[in-house]
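These notes concern the structure reproduced below.
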Amino acid sequence: MKKTILTLIIAIATFCGLHAQDTQAKHPAQAQRTYEYLFRNVGSTFHLNTVGNIIIKESKTNDVRCVVNVVAYGNSQTLAEERLKKIHVEPKGKNTLDVTASLGLLNKKHYNITTTIYLPNTVNLQHNDNANIDELFYRFITKLRLN
């Protein structure tokens, strides 16, 4: 009886371990792009709408510098490059930077996005961690209006 229970526990543990390994992302190919923007310090606030990781560092100058590193993963190099094209990084106005995914919410298994911001002491950062949810709501409302 004890051997049967022990065998059953070992079999379940082995199955769970193999299943956990299969669900982890396995991506042999990756594509990478780095964007760098410099903003003049025109006010006391900088707006950042982004997804992914945010690193804040002190700037030695009076300007705000943003470095966005985007890495896309895929099973092939062409898939990774296609996924890389779906991430849009663009400045909006004099003190706003938007980092968005074209299809809405970001799948963290396919992307690694790190935004490093160099801020002077006189500037406060206002950021939205999930800018893509706003885009999804906008599309949904637009779709409702058209129907």
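Bear in mind that the values in this text are calculations on the coordinates, not laboratory data. In this text, all values refer to a predicted model and were calculated from it rather than measured experimentally. For neighbour counting, all protein chains shown are included, and Cβ atoms are generated from backbone atoms with ideal geometry for every residue, glycine included.
Less than 17 Å from a label point 7 Å out along the Cα-to-Cβ axis of Ala29: which backbone N atoms in segment 47-90 qualify, by residue? 71-87, by backbone N distance to the label point.
Within the shell of other residues whose beta carbon sits under 13 angstrom from the beta carbon of Asn121, the net charge comes to 0, with Lys and Arg scored +1 and Asp and Glu -1. Measuring against 28 Å, Cα to Cα, the residue pairs Lys57/Lys92; Lys60/Lys85; Lys60/Lys86 contain Lys60/Lys85; Lys60/Lys86 as the ones spanning a longer distance.
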